[in-house]
Structure formats: structure tokens, C-alpha cells
Amino acid sequence: MADKKSWKQLFGIYLKPVCLRMFLLGFSAGLPLLLVLGTLSFRLREADIDLKTIGFMTWFGLAYGCKWVWAPLVDNISLPVLTKKLGQRKAWLSFSQVIIIIGLIGMALCDPRTGLLSIAIFAGITAVASATQDIALDAYRIESAAEEYQGALAASYQTGYRLAMIWSGAGAFAIAAMTASGSDPLAYDQRGWMVSYCVMAFSMFVGLLTTLLSPAPSEKDLEEKALQLSETRTKIMQFCQQHPSWPFPLGRLVGWFKVICVTPLADFFVRYRWHAVVILLLIATYRISDVVMGVMSNPFYRDLGFSKEEVAAISKVFGVVMTLVGAFIGGAVVMKIGVLKTLFIGAVLSAATNLLFSQLANVGHSIPFLVLTISADNLAGGLASAAFVAYLSGLTNVAYSATQYALFSSIMLILPKFLAGFSGVFVEAAGYSSFFIGTAMLGLPVLFLIPLIAYLQKKSAHKD
């Protein structure tokens, strides 16, 4: 529902400690993404890896689309020592962040020209650990504040997330260029990329230290979690008792799957009934335009002749400013006019900015047009992401926050990431301009789904 607070009050919430923590943790969440996708694509292209291979390697991003598979473990399995000292969410956060650091260091030490398989393995490890961090962090964010503040938390999270993407994109390019041992800015230089990825690994300590220094779980939270785990064990034992003919290990395994995996998913369909189908369609298609386009953006810059320094400078200056503007406007607008209206605005802007990339392909190496394109894309992305995270957060039941949010965010990514794997094939067949027009067209169904959901919500409210 729209908020009647003044704009000053709405923006003031961003100074609260919970929002500042979410900003830093958002940075930690956003850092690995490009390092296993976009930045890595540029690095591989510079090393003369073909576009088809680059496209298929983006399937590592499917880890983000399949995280619902192990989200129940993050929700219910305690890590030795860590969970007792830090609590369930912080334990999984810190564990995954350490694995990301190890994975990024491994990617730093690998040369794709001679060790493409090795860099692929470390990229896979980093992607899975990053997806695990997202599971724990999404649950931590949802449990950190009431629903009315989720828009602000989402904006803080997305601002940190987008800044990290600028750092892991433009920042990584700049570091690789500045520390390169050769003089040709367009030639592959392993030393520069090694230093760059090591710096990115060190940057993950922003999130790790924030996790460790965040307030410890209260006694009430610990008691509630212990009660939840006790209830889970009781339900599993009841399932075993209802099936006495089954061997106990089998009954316990099936019971665990039913209680931990099936129940949280069934809860969503019970609450939303057949409206759940339309909601899931929106989730599956809302980011498809951006995600599919983003895979080829860095190889696109490289093929147009832009150097690492040019991409880094433009992304760092204009990209950061417009991302901050988009995310903060998105969070405030959500509280002012509501989530669905903001979602619609974000969808229109996201699809439209893809057409700028198509025009850039026709214009060629033009710094002013690159500035316009990156600025518009980051503004639209920041606004749309803040609104979408707030929308997904509002759909979850706090009792199953990690599992349900992981399901939603997985559905959001799995189709786009799958289609993105064929992006290199499409570009080689039809060219960049047609590719970007096609990605803009992918966003059209969203413009029909959002009004439909608004209508169904209004109709449901009248019935109640």
C-alpha cells in the first residue's frame, strides 16, 4: 500500500543501522556475480576464447537459478561451532563468504589460455558459494525488519549490490589494466587479471566483517529457532509413525523431504491459490530482458574496440551515480506509490534501455553514446531491482523465509540464465544489434502480467 510519509521521512530510513548493514552485505552479495559471468566473459574474450564457449560458460549462473534445491539445508541444518556462536543466518553467511574468497583466488591464479577447465571449476565453486550466500542473506534481510521497511532494505541491499557490480566490473577492468605487464591495452595479460581477481577476493572481507560484527541473535531468536527445529523433528517422527511398514531410515528421509522441502512450497500455493501461477510467471520473466542482454554486454564492448580503461572509467563514474539514483528512487517510490506500479515503471525502462545497446552496435565506438547507454541501463536496473526485491520479500512467509525466497529468486533466474547460454550462438548468427532488440522484446510479457496481478489482488481483496 502507498505510504503517506513525506519524502524526507522516506529517505531518512536509509541512515538506520539495519539499512547500513544491508548495504554492506548487499556489496558482498553483488561482488561475485560478474566475476563468474560478465567480467569473466570479457576476460575470456580478451584471451581469444570463442563466443560459443563464453556463452555456454555463463551456465554457471544457473547455480543462482537452482539454489532452491539446497535452500532447505540453509534453513534447517546447523553448521558445527559456527551456528552456536553466530546464529543460523550469520553462520551460513560467513561460511559461504570464506568459500567465495577461496574460489576467487583460484580464478586469479588460472590462465584461461592454458587452463580453461581449471578456471571453470573455480568459477563453479564461486557461483555455488555465492548462491548459498544469497539464500542466507535473503532470509536474514526478510527477518531483519517488518514488511513496511522491506522496500528500504531492498534499496539499501540493491545499492550495495550494484556498487559491487561496478567494482567487480569497472573496478576489475581498471585494476587489470593498471597492473598489466604489457603495453598493448587490447592484448590479454595474465598478470593484470591475476592481481585484479585477488583484489576482488580481498574485497569480500567487507561482507565477512559485516557478518561477524552484526548484532548477535537475541535469546528470543535463538529460542524461536530451537523451537522451530524441535517442531521439524517432531513432524518428521510423526511421518515415520504414520508409515510403520517403511524402513526407518527411508521414512526419516522421505519425512525430512516432505517437511523441509514440500511444506514451504505448498504454503505459498495455499496462500495464493491459483493466483500463484500468474505470480510465478511474473517472477520467471521480470528480469529476463536484463539478464539475457547482460551476458554479451562486455564481449560487445570488447568487439566494438572499447578498452578496459574506457569501460571502467565510464561504468565507474556514470554507472555508479545512476545506479545509486535508481536504487534509492526505487526504494522510496515503492513506499510512495506501491510495489506493482514501481515494478511496471522498472519493466518499461529496462526493456527500453536494451534498445540503446542495439543503437550503440550501429553507431560503433562512440564514448558519448556509451556514456548514455550505461547511464540509462544502470538507472533502470537500480530502480527495477529495488522494486522487485521488495515484491519478492512481501510474498514470503517468515516461517520459511530462506526456502521460499530462494524458490522465487531461482525461478527469476533459471529461464533467463538458460537462454543466456545461447546468446553467443545468437550473436554469431544475427549480430549484436538484432540480439539487443530481441532481448528488449523478451520484456514485453511483463507489461501484461503486472496489471493482471494488480487486478487479481484487487479482486481478492474485495472478496475478503
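Any read-out appearing in this document is the output of simple, stated calculations on the displayed coordinates, not a laboratory observation. Every value quoted in this text rests on a predicted model; they were computed, and no experiment measured them. Positions of Cβ are generated from backbone atoms using ideal geometry, with glycine treated the same way; all protein chains shown enter the neighbour counts.
Overview of results
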quantity: Euclidean distance between Cα centres, segment 263-280 to segment 383-447, Å; calculated: 19 Å
quantity: Computed [θ] at 222 nm, deg cm²/dmol, the chain (DSSP H ≥ 4; -39,500 (n - 2.57); rounded to nearest 500); calculated: -25000 deg cm²/dmol
quantity: Cβ-based exposure ranking for TRP68, TRP256, in which fewest neighbours within 10 Å come first; calculated: TRP256, TRP68
quantity: Angle in degrees between helix 320-337 and the longest Cα principal axis of the chain, rounded to the nearest 10; calculated: 40 degrees
quantity: Highest average packing first - 247-254, 419-426, 39-46, Cβ atoms within 10 Å; calculated: 39-46, 419-426, 247-254
quantity: Kirkwood hydrodynamic radius of segment 241-304, from inverse mean 1/r over distinct Cα pairs, in Å; calculated: 15.8 Å
quantity: Nearest-ten-degree value, helix 88-109 long axis tilted from longest Cα axis of the chain; calculated: 20 degrees
quantity: With eigenvalues of the C-alpha gyration tensor scaled by 5 and rooted, segment 7-463, Å; calculated: 36, 26, 22
quantity: Sequence-separation-based contact order of segment 7-463, relative, with Cα cut under 8 Å and 6+ spacing, percent; calculated: 27 percent
quantity: Which of SER118, SER245 has the fewest Cβ neighbours within 10 Å, and the rest in rising order; calculated: SER245, SER118
